[in-house]
Amino acid sequence: DDRKSHGDVTIQPYAFDYFPMRLLSALIVLLVGASSVDAARPMITDDARLTDAGACQVESWVHIHGKQRELWALPACNPGGNFEMTLGGALAYDGSRQESGAAVIQFKTLFKPLAINGYGIGLAAGYASQPGSAHTGNPYFYVPVSFSLADDSVVIHTNLGYTRERENQENRLTWGVGSEIQLTSRSYLIAESYGQGKGNPFFQVGIRHWIVPNHVQIDTTYGSQFGAIGHQHWFSIGLRLISPTLF
């Protein structure tokens, strides 16, 4: 949330024509499911789960927004079992012109793991910069809380956090509400809304599908901003790779 799009960063994607080569070469961010590993892409609203203990994953995607395109890769590892570290970023383009990229570093832990028909709660904090901007990044933190319903067929996620916008010296509340609905044994419908303390919130809906359960996942989403659907919308395609136990 990845998404993660907490703080001032909207970790959402842009470049369908770059997808086959760029995404793989890079290793490859509300309605009402979830696998044994964290929900992550393509949701911006984060969940109260971690990458499997002792394993690593790479979330990568392209985000298309008019002529603007972004290529993201976010590797993460959980070496100790309850401490996930993420370090990654993006390449950004406006038409054929390359812009400033983005960088994200985040740490996440759980106070209570999510249980079937129960709830989980955690804490994440990090530092992120925006694509297409040479400005300095912003520190942030948020608390993810997830709720499992109907034997994990429906999982609801909520985020509440805070970011410091260093460029204009403003503090902002951040929030997100998202959900996963299991459609088949390998496919999930996702929907969410998220935003900051001011301005219209954003939303996105999409599908997530396991090609190899718990190891290879693909996803696609459509999103926009309430009040500006006719002027602003995006499309993303993502690939998620999860390793076996490494540590």
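Can you find even one residue in the stretch 31-52 that is more than 18 Å from the chain's Cα centre (by Cα), over 20 Å from ASP152 (Cβ atoms), at pLDDT below 95 and not in a strand (DSSP E or B)? No, because not a single residue in the stretch 31-52 is more than 18 Å from the chain's Cα centre (by Cα), over 20 Å from ASP152 (Cβ atoms), at pLDDT below 95 and not in a strand (DSSP E or B).
Residues are listed down the side, and each one gets a yes or a no for (1) of a type in the set (Ser, Thr, Tyr); (2) touching a strand residue (DSSP E or B) at 6+ places or on another chain (Cβ under 7 Å); (3) at positive phi:
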site	(1), (2), (3)
SER193	yes, yes, no
GLY199	no, no, yes
ASN214	no, yes, yes
ASP219	no, yes, no
LEU246	no, yes, no
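Within the stretch 59-79, if we keep just the residues that are among the hydrophobic types (A, V, I, L, M, F, W, C) and more than 14 Å from GLN106 (Cα to Cα), the residue that is surrounded by the fewest Cβ atoms within 10 Å (Cβ to Cβ) turns out to be ILE64. Return the residue satisfying two criteria in turn: it lies in the stretch 95-113 and is open to solvent by 70 Å² or more (accessible area, probe 1.4 Å) and not basic (Lys, Arg), and of such residues it is modelled with the lowest pLDDT. Among them, the one singled out is SER96. Filtering the stretch 130-151 to residues that are touching an Asp or Glu at 6+ places or on another chain (Cβ under 9 Å) and more than 19 Å from SER193 (Cβ to Cβ) leaves GLN130, PRO131, GLY132, SER133, ALA134, HIS135, THR136, GLY137, ASN138.
Assess whether ARG240 counts as being among the basic types (Lys, Arg), more than 18 Å from the chain's Cα centre (by Cα) and surrounded by 16 or more Cβ atoms within 10 Å (Cβ to Cβ). So ARG240 does not fit the description; no. Tallying residues that are open to solvent by 40 Å² or more (accessible area, probe 1.4 Å) and under 19 Å from PHE203 (Cα atoms) within the stretch 136-161 yields 3.
Per the conditions (1) open to solvent by less than 40 Å² (accessible area, probe 1.4 Å); (2) of a type in the set (A, V, I, L, M); (3) modelled with pLDDT under 95, the sole criterion not satisfied by ILE229 is (1). The strands (runs of 3 or more DSSP E) falling completely within the stretch 54-135 that include 2 or more residues that are closer than 30 Å to ASP152 by Cβ and among the β-branched types (Val, Ile, Thr) map to 56-65, 97-112.
Looking across ARG166, ARG186, one residue alone is over 15 Å from the mean Cα position of the chain (by Cα) and either crowded, with 21+ Cβ neighbours inside 10 Å or over 24 Å from GLN130 (Cα atoms) (or both). It is ARG186.
The values are calculated or read from the model by the stated rules, or taken from the named source; none is laboratory data. On a predicted model such as this, the values are computed, not experimentally measured, just so you know. Note that each Cβ is placed from the backbone with ideal geometry, even for glycine, and that neighbours are counted across all protein chains shown. Ligands, DNA and RNA are excluded from the accessible area calculation, which covers all protein heavy atoms including side chains. Shrake-Rupley method; radii C 1.70, N 1.55, O 1.52, S 1.80 Å.
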